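Taking it in order: structure first as structure tokens, then the write-up.
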Amino acid sequence: MTDRDYIRRTIRLAGKAAGRTSPNPMVGAVLVKAGRIIAEDFHRAPGTPHAEALVLATAGARAKGSVLYVNLEPCCHTRKRTPPCTRAIIAAGVKKVVVATEDPNPRVSGRGIRELRRAGIEVVTGVSEDEARRLNEAYFKFITRRVPFVTLKVAMTLDGKIATPSGESKWITGERARRLVHRMRSSVDAVITAIGTVAADDPELTARFKGAKDPMRVVIDPELETPPGARILKTPPDTLIVTAGGKGSGRLDELRDKGVKLLFYDGTLDLHWLMERLGGMDVTSVMIEGGSSLAAHALEDGVVDKVAFFIAPKIIGGRDSYPAVGGRACASLADAYRLRDTRVRRVGEDILVEGYIER
């Protein structure tokens, strides 16, 4: 196996904890000696041992003279609940460390690599860096800007519709696509929707598969119109309603009694403001699942980092059917939102198009 093979193995290991390490990154580690893997593991949750510490503990004395592979630069600072990994690596007698990418955390940011090199350890960096950065793209944005990474998810027909004129939208995509969406929910800290979707579909917005982690639900509800019997008020986890109060202000105590958290804004909702508030709650990643108005609002406010459009082989047609993205139309094609690093794949009978919004 090459360095790239081992680093890709660390990335796969790290991905097993998707959605569970926030606000920490996902990290996997592989320890190799004489061409054989002697230990491998991954970081599971905040406050638990880091991947490097886990493999060193497993290897024990065998770690001396080994090569450590890790998808993110080992930590070196002490302002956290676990000890610095660099010290453990040096103490174990590891001879070489291969790192996919530096940690953008200002408390690390190259310092961990320099500390290892000063101790006489050979350090190689930049192996499969793009893959490693994509794995932790939410962490990279959050740790440098303190706002969450935002994915806009849409399920639409071949002609760009998300619902019939009557509002019917279940189910546009097939079962495999819906299962993947549940996994996507499990990998983010929060799902954002709007009152229109809650009123029309009464969703739970949970991740329904064995071992899933449910995200916090964030509902944009300016007038506090969320129905008392809505499923988001009955099922865990937390629900945060973002509201101006409006005519529903008399329901505040009722909602608080149900365990609902409330976030108030004045005037028109600025999604940049909302992302800053969510970042202050250590929300590192969100997925937007709503109607055409919310999709347009998110794009127009410039908060979307990535899109995931599921396209079903169906055609609804009609001017009155709901489009995937509403709001204002672009004045010209030059003003259209453009994607970079686009990927297309089959998901059952549907097609998934993913890409990053070009800034």
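The values are calculated or read from the model by the stated rules, or taken from the named source; none is laboratory data. Predicted, not measured: the structure shown is a model, and the values here were computed from it. Don't worry about glycine lacking a Cβ; one is built from the backbone with ideal geometry, like all the others, and counts go over all protein chains shown. In case anyone asks, the SASA skips ligands and DNA or RNA and just uses the protein heavy atoms, side chains included. Shrake-Rupley method; radii C 1.70, N 1.55, O 1.52, S 1.80 Å.
Go through (1) closer than 17 Å to Gly28 by Cα; (2) open to solvent by 30 Å² or more (accessible area, probe 1.4 Å) for Gly60 and report which single condition fails.
(1)
Which ones in region 1-28 are closer than 22 Å to Gly211 by Cα, out of contact with any Phe, Trp or Tyr (no Cβ under 7 Å at 6 or more places or on another chain) and not basic (Lys, Arg)?
Correct list: Ile11, Gly15, Ala18, Gly19, Thr21, Ser22, Asn24, Met26.
Output the residue which, of all residues in region 233-269 that are at pLDDT below 90 and of a type in the set (Lys, Arg), is surrounded by the most Cβ atoms within 10 Å (Cβ to Cβ).
Arg251
Within region 66-81, work out how many residues are out of contact with any Gly (no Cβ under 7 Å at 6 or more places or on another chain) and open to solvent by 10 Å² or more (accessible area, probe 1.4 Å).
Qualifying residue count for the region: 6.
Applying the selection to region 31-52, what residues are of a type in the set (A, V, I, L, M) and surrounded by 23 or more Cβ atoms within 10 Å (Cβ to Cβ)?
Taking region 31-52 and keeping what is of a type in the set (A, V, I, L, M), we get 31-32, 34, 37-39, 45, 51.
Of everything in region 31-52, those that are of a type in the set (A, V, I, L, M) and surrounded by 23 or more Cβ atoms within 10 Å (Cβ to Cβ) turn out to be Leu31, Ala51.
Taking region 276-290, which residues are free of Cβ contacts under 8 Å to residues at least 24 places away in the same chain and part of a loop (DSSP other than H, G, I, E, B)? I'd like the intermediate steps shown before the answer.
So in region 276-290, the residues free of Cβ contacts under 8 Å to residues at least 24 places away in the same chain come out as 277, 281.
Correct list: Met281 only.
If you go through region 251-275 one residue at a time, how many are part of a helix (DSSP H, G or I) and out of contact with any strand residue (DSSP E or B) (no Cβ under 9 Å at 6 or more places or on another chain)? Step through it out loud before you land on a result.
Just the residues of region 251-275 that are part of a helix (DSSP H, G or I), to begin with: 251-257, 271-275.
Going one step further and asking which of them are out of contact with any strand residue (DSSP E or B) (no Cβ under 9 Å at 6 or more places or on another chain), we end up with 251, 253-254, 257, 272-273.
Counting residues in region 251-275 that are part of a helix (DSSP H, G or I) and out of contact with any strand residue (DSSP E or B) (no Cβ under 9 Å at 6 or more places or on another chain) gives 6.
So which residues in region 270-293 are buried (at least 21 other Cβ atoms within 10 Å of the Cβ), at pLDDT 95 or above and more than 17 Å from the chain's Cα centre (by Cα), if there are any at all?
Leu271 - this is the single residue of region 270-293 that is buried (at least 21 other Cβ atoms within 10 Å of the Cβ), at pLDDT 95 or above and more than 17 Å from the chain's Cα centre (by Cα).
How many residues does region 328-359 contain that are in contact (Cβ under 8 Å) with a residue 12 or more places away in the chain and either hydroxyl-bearing (Ser, Thr, Tyr) or surrounded by 15 or more Cβ atoms within 10 Å (Cβ to Cβ) (or both)?
13
Find the strands (runs of 3 or more DSSP E) located wholly in region 96-178 whose residues include 3 or more that are crowded, with 16+ Cβ neighbours inside 10 Å and touching a residue at least 24 places away in the same chain (Cβ under 8 Å), and list them. Explain how you work it out, then say what you get.
Values: elements: 96-99, 122-125, 149-157, 161-163.
Counting at least 3 such residues, we get 96-99, 149-157, 161-163.
Table: residues versus (1) free of Cβ contacts under 8 Å to residues at least 24 places away in the same chain; (2) assigned to a loop (DSSP other than H, G, I, E, B); (3) not hydroxyl-bearing (Ser, Thr, Tyr).
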{"site": "Ile11", "(1), (2), (3)": "no, no, yes"}
{"site": "Gly19", "(1), (2), (3)": "no, yes, yes"}
{"site": "Ile38", "(1), (2), (3)": "no, no, yes"}
{"site": "Leu54", "(1), (2), (3)": "no, no, yes"}
{"site": "Ala59", "(1), (2), (3)": "no, no, yes"}
{"site": "Glu73", "(1), (2), (3)": "no, yes, yes"}
{"site": "Arg87", "(1), (2), (3)": "yes, no, yes"}
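Please work out if Glu204 is without any contact (Cβ under 8 Å) to a residue 40 or more places away in the chain, closer than 20 Å to Ala295 by Cβ and open to solvent by 40 Å² or more (accessible area, probe 1.4 Å). Steps first, please.
Values: without any contact (Cβ under 8 Å) to a residue 40 or more places away in the chain: yes; closer than 20 Å to Ala295 by Cβ: no; open to solvent by 40 Å² or more (accessible area, probe 1.4 Å): yes.
So Glu204 does not fit the description; no.
The conditions are (1) of a type outside the set (D, E, K, R); (2) open to solvent by less than 70 Å² (accessible area, probe 1.4 Å); (3) within 14 Å of Gly196 (Cβ to Cβ); (4) touching a residue at least 60 places away in the same chain (Cβ under 8 Å), and Tyr322 fails exactly one of them. Which is it?
(2)
Has region 14-34 got at least one residue that is small (Gly, Ala, Ser) and touching a Lys or Arg at 6+ places or on another chain (Cβ under 6 Å)?
Residues of region 14-34 small (Gly, Ala, Ser): 14-15, 17-19, 22, 28-29, 34.
Remaining after also requiring touching a Lys or Arg at 6+ places or on another chain (Cβ under 6 Å): 17, 19.
Yes, region 14-34 contains at least one residue that is small (Gly, Ala, Ser) and touching a Lys or Arg at 6+ places or on another chain (Cβ under 6 Å).
Being out of contact with any strand residue (DSSP E or B) (no Cβ under 6 Å at 6 or more places or on another chain) and of a type in the set (D, E, K, R) is the requirement here; does Glu73 meet it?
Numbers: out of contact with any strand residue (DSSP E or B) (no Cβ under 6 Å at 6 or more places or on another chain): no; of a type in the set (D, E, K, R): yes.
In short, no.
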